[in-house]
Amino acid sequence: MSILGWLDRWSGYAEFIAHTAETRLRQEPCADLRGVSCQWDEGVLTLRGRVRTAALRRIAEALARRMEEVHGVVNDIAVAAPDAAMRLRNRLTSAECWDKGKRHRH
């Protein structure tokens, strides 16, 4: 087989691995992971897209790392907004501080 033939086969293999990774992400119950795209090159899978939370970003990376053909992951997934839990925690902390301040004034 010529070098060009081997490269064509390798390119097809890279597309196959990327497609397999995208399929696994799409099978997850969370719809946000369905928009993540993958590119595989020499054992490294690059994830791109946008999700709502940092937790979903970590889930996508964990799923990618489980693949036998993946030896490294570049996680270029953007988080659209802060985690809802983080926002809630910040609100509760602010309310608690405000409430404590009110109590100390009495």
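General remarks:
- Residues that are over 15 Å from Glu22 (Cβ atoms), part of a loop (DSSP other than H, G, I, E, B) and in contact (Cβ under 8 Å) with a residue 24 or more places away in the chain within segment 37-69 comprise Gly43, Arg52, Thr53, listed in sequence order.
- Val74, sole failed condition from (1) at pLDDT 90 or above; (2) surrounded by 15 or more Cβ atoms within 10 Å (Cβ to Cβ); (3) of a type outside the set (Asp, Glu): (2)
The values are calculated or read from the model by the stated rules, or taken from the named source; none is laboratory data. Just so it is clear, the model here is predicted, and its values are computed rather than measured. Virtual Cβ from ideal backbone geometry, glycine too; neighbours counted across all protein chains shown.
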